[in-house]
1. For residues in region 327-353 being modelled with pLDDT of 85 or more, in a strand (DSSP E or B) and closer than 23 Å to residue 259 by Cβ, which is nearest to the chain's Cα centre (by Cα)?
2. Within region 238-256, is there a residue that is surrounded by fewer than 21 Cβ atoms within 10 Å (Cβ to Cβ) and in contact with a Gly (Cβ under 8 Å, 6 or more places away or on another chain)?
3. Out of the residues in region 282-300 that are polar (S, T, N, Q) and at pLDDT 90 or above, state the one that is most open to solvent (accessible area, probe 1.4 Å).
4. What are the residues in region 195-226 that are open to solvent by 60 Å² or more (accessible area, probe 1.4 Å) and either under 30 Å from residue 266 (Cα atoms) or of a type in the set (Lys, Arg) (or both), if any?
5. Those residues that are at pLDDT 90 or above, more than 19 Å from residue 128 (Cα to Cα) and not aliphatic (A, V, I, L, M), I need them from region 77-96; list them, please.
6. Looking for whichever is at pLDDT 80 or above and acidic (Asp, Glu) here; the options are 157, 168. Which one fits?
7. Tally up the residues in region 118-164 that are closer than 30 Å to residue 107 by Cβ and touching a residue at least 12 places away in the same chain (Cβ under 8 Å), please.
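The values are calculated or read from the model by the stated rules, or taken from the named source; none is laboratory data. Model, not experiment: these values are computed from the prediction. FYI the Cβ positions are ideal-geometry reconstructions off the backbone, even for glycines, and counts take in every protein chain you see. In case anyone asks, the SASA skips ligands and DNA or RNA and just uses the protein heavy atoms, side chains included. Shrake-Rupley method; radii C 1.70, N 1.55, O 1.52, S 1.80 Å.
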Amino acid sequence: MANKGNYTIFVIEDNPGDFALVEEFLLEQIEAPTITHTVNYKGANEILTRRVTPFDIILLDLSLPDKTGMPLIQEIVEISNTSPVIVLTGYADFAFGVKSLSLGISDYILKDELTPLMLFKSIVYSIERKKIISALETSEKRVRSFAKKLNNVLEEERSRIAREIHDEFGQQLSGLKMSLTALKKFSSIDNNIEPIINSMVSDVNTSIDSVRQIANELRPVLIDKLGLFAAIEWLVSEFEKKTGVTSKLYMDIDQPEIDKALEINIFRICQEALTNITKYAEATLVKVSIENRDSQLLLKIIDNGVGIKSGTLHNPLSMGLLNMKERANLIGAELNISSAPQKGTGIELIVNKWQKEY
């Protein structure tokens, strides 16, 4: 008994006998399928690019007169408009079938083994799988959108706290320093008290420096006033001062304007990488470079330290690495981390189409 369902099915098959068999199998299992047929890649391309509503399923023969094999699969998957693609072929190569699945097809079935029920099951499973994948992708987009908004809110809050620390505490400490300095000018002051006042002024100066440092780490003023390149230059310089690790910086001469939200995420990835080097690398040399390559921004951070253990490198709960990966995902960037014991670690961030698009 045929199953009810208004399936729209696109069959790309040049062999009349094979198409007749597939059509017969479909009619046996589906009550009223809408079948569209073409015999070559050119016809498939025209139909798929012209069609507004995706087909429920595409059945693809692997050997067409004008295109075959992997190139055919890649092209059809690309123009399929989210329709699941099932390959029907006489090519019995298991490795080829597995590789085909990695290109995005839903199933790979040998024509010699095809039965009406097998074909119907494959169609139903492929359609349902596509729905689940689509729902997951939609959910992922929502989560990523929420993560971006949350990240922006956190950065705005950091910026606000940094301003308050700098303006409020900084001004209060500066006022205290002025009062202590004025106190020293009184002619009647006890000589025994003057060293105490000097010590207090020294402590206040240290506190002012600490406040500035904390405010800068929360939200570097340079990134808002002068941009990403100046902020990274400051970050690397501060890293060298604090750790004593020799740090070499290369920055491209071409330093165009970048979206602020994008800048802060790139800066935070660099900051996290240098923090990890401080904690774990035991490095004596760090090289940082940032280059503008046409439609790409390339950030590299390389150290000569002890390297990252394989278990840590692939550990999804490693917070430092996880933070960098999440920030890279937020801006649609590619983050590559390579490491070997006693040979150091290399971090590469590739931001594609980065100008004003985040």
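1. 334
2. yes
3. 284
4. Once the filter is applied, which keeps residues that are open to solvent by 60 Å² or more (accessible area, probe 1.4 Å) and either under 30 Å from residue 266 (Cα atoms) or of a type in the set (Lys, Arg) (or both), region 195-226 yields 209, 212, 214, 217, 221, 224, 225, 226.
5. Selection gives 78 alone.
6. Just one listed residue meets the conditions, 157.
7. Of the residues in region 118-164, 11 are closer than 30 Å to residue 107 by Cβ and touching a residue at least 12 places away in the same chain (Cβ under 8 Å).
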